[in-house]
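Take a look at the structure below.
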Amino acid sequence: MLVDTQPATHQHIPASPEVREQWVNAQLIGVVMDGAMTSLLASCMALPALVFVLLGEVDTYLLLGWMALMVFMLLHRYRVITIYRMRYDSVGGSTRQDFMQRYSWSWVLAAAAWGVPIGLAFLRADIYVQFVCALVVLAQGLISIITLSAWFPLFRMANAAVLLTVTGGIGLQIALRGLDQQTLETMAILVALLLIYWWLLLVGGRRLHATQHSNLELQFSNQELIDSLTLQTRASLRAVATKNRFLASAAHDLRQPVHALSLYADWLATEPEMARDIAPRILQSTRAINELFDSLFDLTRIDAGNYKVKLQNVSVQALLADVVLQFAPVAAAKSLRLRSRAPDVTIWADPVVLRRILGNLVSNALKHTQKGGVLLGLRVRRDMVVFEVWDTGVGIPREHQQAIFQEFFRVSQHQGTEDSLGLGLTIVSKLATLMGYQLALNSQAGRGSVFRVMVPAFTQPAALRDLGRPRPLPKTS
């Protein structure tokens with residue numbers, strides 16, 4: 001199976017403009033709905049007072065019909081507010097916009113209904129009653145700036161409904177009464193003033209909406225900045241923890257061979273005749289120190305971006321033979337078989353990087369294999385060239401197969417692993433990522449493992465790609 005060889009990183013990805021706009025719109029609708037109950041209570045208190053003022057001044061049946069309509073709209077708006085609190089208050093995105101599109105008609109109809117008293121009282125009721133009705137309409141416009149301007153489409157439709165109702169009522173009364181020229185001119189002035197007032201409401205509502213929109217965008221940006229800083233702080237803490245773990249692991253692994261060298265040097269100084277027996281042990285300790293420093297330097301160069309890649313034609317058989325020759329003494333010391341098997345092909349790669357990858361995989365396989373052997377091979381497939389390292393070692397439990405590629409990770413000793421810094425497979429994963437290769441691992445605890453390095457076939461010569469294509473069956477006569 002393919003494995004994610006890179007440790008998990010948590011980077012803050014800035015939200016797209018669409019996501020930002022959806023969030024801002026959802027918050028704007030939330031502002032409207034937060035003030036909806038207060039607006040509803042104000043309407044409930046204003047309705048009886050206005051009915052009391054109009055009673056006896058306008059047609060009673062028309063007044064009762066208007067009052068019934070207003071009561072119905074108030075009850076319906078209470079139901080809409082309840083639906084929002086139960087279903088939409090805790091959601092965001094486009095869901096709130098769907099809610100507003102579904103129920104915005106109730107605000108528009110209620111706004112239009114508040115303009116009806118002007119048509120009922122105009123030129124019929126006492127001048128003071130007409131004045132009170134005009135004040136109610138003016139107050140509704142001012143209140144709508146506070147309660148509805150956050151969602152500007154609703155604010156615009158509600159004020160347009162009031163304007164149409166008021167102008168329609170005034171026009172109807174003028175048509176029914178047939179007023180003289182002077183009165184018509186006065187009415188025209190009143191309608192013009194009404195249009196100016198409506199235009200001023202739109203300007204004020206648009207500016208307040210723009211202010212709220214900008215504030216919410218700033219709030220969104222601030223939250224993104226806080227999230228980014230939080231992630232960076234956590235990353236810094238993880239880096240400090242990694243550094244501490246690195247220092248502890250490096251100190252531990254360096255301590256053993258250095259201490260051994262000190263003991264061998266003392267032994268050699270006191271008993272020079274034991275040089276023949278002591279020299280191999282000194283070489284082994286020196287080799288361990290060199291391998292440790294090589295791994296540390298490789299890891300540092302890769303992370304710093306200083307690892308230079310030089311692509312060229314590489315003979316696979318010669319490359320695998322070099323790796324086998326390099327680790328033959330290690331395999332012989334543990335009585336293990338180390339073999340390679342590959343077709344005589346040439347690939348396009350960096351021989352140093354590829355030798356480092358395969359060398360670390362072979363070294364890892366030899367460390368964790370006590371009997372049997374290690375096989376290093378190459379398979380050419382239709383879409384990729386696959387290097388494989390097989391071993392008959394202790395295997396890797398499934399729960400550790402992702403973690404083994406992380407820095408400093410080591411499976412516990414009782415599972416058959418040897419003490420090391422835990423950087424070999426990390427270097428393999430980083431080099432594979434650097435080259436655009438994929439890694440795969442199949443392993444069973446107690447039965448061995450196979451690591452695969454998959455090189456994309458499209459990066460290789462055409463002759464090599466042809467090897468992986470199925471050949472047609474010969475024709476039979």
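Bear in mind that the values in this text are calculations on the coordinates, not laboratory data. In this text, all values refer to a predicted model and were calculated from it rather than measured experimentally. Backbone-built Cβ (ideal geometry, glycine too); neighbour counts: all protein chains shown.
Below is a table of values for the structure above.
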item: Order by protection proxy (mean Cβ within 10 Å, highest first), peptides 150-156, 275-281, 215-221, 49-55; result: 150-156, 49-55, 215-221, 275-281
item: Local electrostatic count at LEU216 - Lys and Arg +1, Asp and Glu -1, tallied over other residues with Cβ under 14 Å; result: -2
item: Equivalent ellipsoid, the stretch 120-217 (semi-axes from 5 times Cα gyration tensor eigenvalues, Å); result: 31, 13, 10
item: Peptide ranges 82-88, 93-99 listed from the most packed, as the mean C-beta count within 10 angstrom indicates; result: 93-99, 82-88
item: Label-point separation in nm, GLN438 to VAL258, each point 7 Å along Cα→Cβ; result: 4.3
